[in-house]
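The values are calculated or read from the model by the stated rules, or taken from the named source; none is laboratory data. Here the structure is a predicted model, which means the values were calculated and not measured. Heads up, the Cβs are rebuilt from the backbone with ideal geometry, glycines too, and the neighbour counts pull from every protein chain shown. The accessibility values were calculated without ligands, DNA or RNA, using every heavy atom of the protein model including side chains. Shrake-Rupley method; radii C 1.70, N 1.55, O 1.52, S 1.80 Å.
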Amino acid sequence: MKLPMIYSYLKKDLDRIEDAMTNTIRAEHPVLEDASVQLLRAGGKRIRPVFVLLSGKFGTYELPRIQTVAVALELIHMASLVHDDVIDDAELRRGKPTVKAKWDNKVAMYAGDYIFARSLEYLSKLEEPRAHQILAYTIVELCVGEVEQIRDKYRIEQHLKDYLRRIRRKTAILIAASARLGAIASGAPLEHERALYRYGYYVGMSYQIIDDVLDFTASEADLGKPAGGDLLQGNMTLPALLACEDRFFKERLTQAFRNPEALDQETLQPFIQHIKTSDSIKRSLEISDRYLQKAYQELDKLPPTRDRNTLKQIARHIGKRSS
């Protein structure tokens, strides 16, 4: 079953969120509008709005309030993607040209800033100080995670805790905030809000680990970019870190990373192949599954509803996805 089928009963509300995002990023300047709309039309899983909607079901579900949170969070995510593509010098995202590829780095950075600003403006409709405090903290952590990733590029000597802390900030915390803010917007009980936050965090950790595995194992058609892109950018993801337990592999990769300008897909192919055939992929998936098991435990603290079951199915799908 494809992911959208799991939450197909939310389609009408998700369509309204999509329309609201389109209207929110309208700009008087044609370049800003074209760049923003291009990113929006590139699509995406919209998993953060889905978590907002589902979490909102555990309180008083009023779509206008919950939509405010969902739109703001997805736009923040989109803004971070625009900035990521500049940092990574990425030409493609989801198989389509990035904003920086179609225009340039300066336009991309301002487009990202514009989307980010519009997201905060949109969220100002929600008169809930705690929601704004949580989102501000989340954005700070997201920025720290991005800076840490830049700092750690081409750095072989890393520990598992460095990687886990980095993906917590880059990915998991925004997904966790999506679940939590949906609960807050609907006035869900505090114990449910906390369980949903932890569920989102554990699912987010698993989601990023699976992403990092797929960067080595998925096809270029599925990824929308060549395999091994993270390694080419000098990002030491979990499969690469685990592969470095092999001393010979680690020594060769260290040598290759000493001259980043000379790295290309052909040079890295033996490293990618080694990672794919070693046990580092299997072990990475096992770590991902541990996070999913913790997510399931948090769901057990929620009332047994259709929406809780949907959250469980989404987590299960994330753990088994191949693209």
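Hey, can you tell me all the residues within segment 49-65 that are over 19 Å from Gly204 (Cβ atoms) and aliphatic (A, V, I, L, M)?
In the first step, residues of segment 49-65 are kept if they are over 19 Å from Gly204 (Cβ atoms); the result is 57, 59-65.
Passing the criteria: only Leu63.
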Selection within segment 132-158 - open to solvent by less than 70 Å² (accessible area, probe 1.4 Å), under 20 Å from the mean Cα position of the chain (by Cα) and of a type in the set (Val, Ile, Thr): Ile134, Thr138, Ile139, Val144
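For the subset of segment 95-112 comprising residues that are basic (Lys, Arg) and in a helix (DSSP H, G or I), which member is modelled with the highest pLDDT? Give the derivation first.
To start, the set of residues in segment 95-112 that are basic (Lys, Arg) comprises 96, 100, 102, 106.
From what is left, the residues that are in a helix (DSSP H, G or I) are 100, 102, 106.
Numbers: Lys100: 69, Lys102: 71, Lys106: 81.
Applying the filter and picking the extreme gives Lys106.
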Selection over segment 276-292 where residues are without any contact (Cβ under 8 Å) to a residue 60 or more places away in the chain and over 29 Å from Gly200 (Cβ atoms) yields a count of 3
Among (1) more than 28 Å from Ala195 (Cβ to Cβ); (2) modelled with pLDDT of 85 or more; (3) buried (at least 21 other Cβ atoms within 10 Å of the Cβ) - the single one Asp19 does not satisfy: (3)
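Taking the options Ser284, Ser288, name whichever one is assigned to a helix (DSSP H, G or I) and more than 23 Å from Phe51 (Cβ to Cβ). Reasoning before the result, please.
Values: Ser288 fails: more than 23 Å from Phe51 (Cβ to Cβ).
So the residue among Ser284, Ser288 that is assigned to a helix (DSSP H, G or I) and more than 23 Å from Phe51 (Cβ to Cβ) is Ser284.
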Unmet criterion (only one of (1) part of a helix (DSSP H, G or I); (2) under 30 Å from Lys57 (Cβ atoms); (3) open to solvent by 50 Å² or more (accessible area, probe 1.4 Å)) for Glu251: (2)
Taking segment 114-131 on its own, how many of its residues are assigned to a helix (DSSP H, G or I), open to solvent by 60 Å² or more (accessible area, probe 1.4 Å) and over 14 Å from Met21 (Cα atoms)? 2
Say whether the condition of being modelled with pLDDT of 90 or more, more than 25 Å from Asn235 (Cβ to Cβ) and outside any helix (DSSP H, G or I) is met by at least one residue in segment 134-142. no
Could you go through segment 293-301 and let me know if any residue there is outside any helix (DSSP H, G or I) and under 26 Å from the mean Cα position of the chain (by Cα). yes
Only residues in segment 63-82 that are within 13 Å of Arg118 (Cα to Cα) and in contact (Cβ under 8 Å) with a residue 24 or more places away in the chain count as the first member; pair them with residues that are among the charged types (D, E, K, R) and open to solvent by 10 Å² or more (accessible area, probe 1.4 Å), Cβ under 6 angstrom, at least 6 apart or cross-chain, and list the lot. Thr68/Lys125; Leu73/Arg48; Glu74/Arg48; His77/Arg48
All-but-one check, Asp162 against (1) under 15 Å from the mean Cα position of the chain (by Cα); (2) within 25 Å of Arg252 (Cα to Cα), failing number (1)
